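Working notes, structure below.
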Amino acid sequence: MIFKETKLKGVFIIEPERLEDDRGFFARTWCKREFEVHGLNSNLMQCNISFNKIKGTLRGMHYQSDPHAEAKLVRCTQGSLYDVIIDLRQNSITYKNWLAVELNRDNYKMLYIPENFAHGFLTLEDNTEVLYYMSESYYPEYARSVRWNDPAFSIKWPTEVNILSERDRNCPDFES
């Protein structure tokens with residue numbers, strides 16, 4: 001696997017290192033040892049799939065608070081999406097900064113998101129499927145959200161938002 005650190009400390013774009021031949025290719029998408037070598041949380045507790053029928057579906061910006069903060073490894077297995085994270089680590093020099101990466105079925109990229117980052121995405125195609133690996137189990141009482149269009153972050157979305165849950169639409173303004 002190829003680990004590329006981003007401008008947000010601890011956030012990596014991970015690409016599979018393909019072993020190709022006339023049949024196609026083989027590549028690892030997970031290796032506990034390699035994650036640990038890069039100082040990443042290698043504890044896998046849960047795996048989720050999000051299927052989104054309509055282009056322009058926005059899910060986010062979600063996170064789980066301490067003591068159940070979670071790291072995530074996100075990959076698009078079908079379709080394409082604009083994946084966005086926000087650094088909510090108050091002691092970070094990139095606090096309240098955001099990063100976006102296009103993930104799609106053809107680029108095989110994954111995004112590693114450390115604990116205390118909000119995460120969300122906007123689908124760029126119909127029938128987009130997202131696979132998440134999580135370092136923590138889901139605890140509804142620790143689930144938190146920040147609004148996808150909160151001026152505190154000024155996220156630039158690439159296309160119109162067509163579908164948004166009531167929960168995501170009604171998040172209050174961010175308070176640091």
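The values are calculated or read from the model by the stated rules, or taken from the named source; none is laboratory data. If you're wondering where the values come from, they're calculated on a predicted model, not measured in any experiment. Note that each Cβ is placed from the backbone with ideal geometry, even for glycine, and that neighbours are counted across all protein chains shown. Note: areas computed on protein heavy atoms with side chains; ligands, DNA, RNA excluded. Shrake-Rupley method; radii C 1.70, N 1.55, O 1.52, S 1.80 Å.
Taking the chain as a Gaussian network of alpha-carbon nodes connected by springs under 10 Å, the highest mean-square fluctuation of the residues D126, D66, D83 belongs to D66. The GNM of the chain, with springs linking C-alpha atoms under 10 angstrom apart, assigns the highest mean-square fluctuation among Y112, Y142, Y132 to Y142. Roughly how many percent of the accessible protein surface of the stretch 1-137 is carbon and sulfur, given a 1.4 Å probe and a whole-percent answer? Ligands and nucleic acids excluded, carbon and sulfur reach 47 percent. Under the combined filter of DSSP loop state and at most 15 neighbouring Cβ atoms within 10 Å, the stretch 1-67 retains these trypsin sites (Lys or Arg not before Pro): K7, K9, R18, R23, R28, K53. At an R0 of 30 angstrom, the distance between the Cβ atoms of Y132 and W157 translates into a FRET efficiency of 0.90.
Separation of the stretch 3-71 from the stretch 115-176 is 16 Å, based on Cα centroids. Extension gain, A143 to K32: 0.36 nm times the residue separation minus the Cα-Cα distance gives 37.4 nm.
Given their separation in residues at 0.36 nm each and the Cα-Cα distance between them, H68 and I93 gain 6.7 nm when the chain is fully extended.
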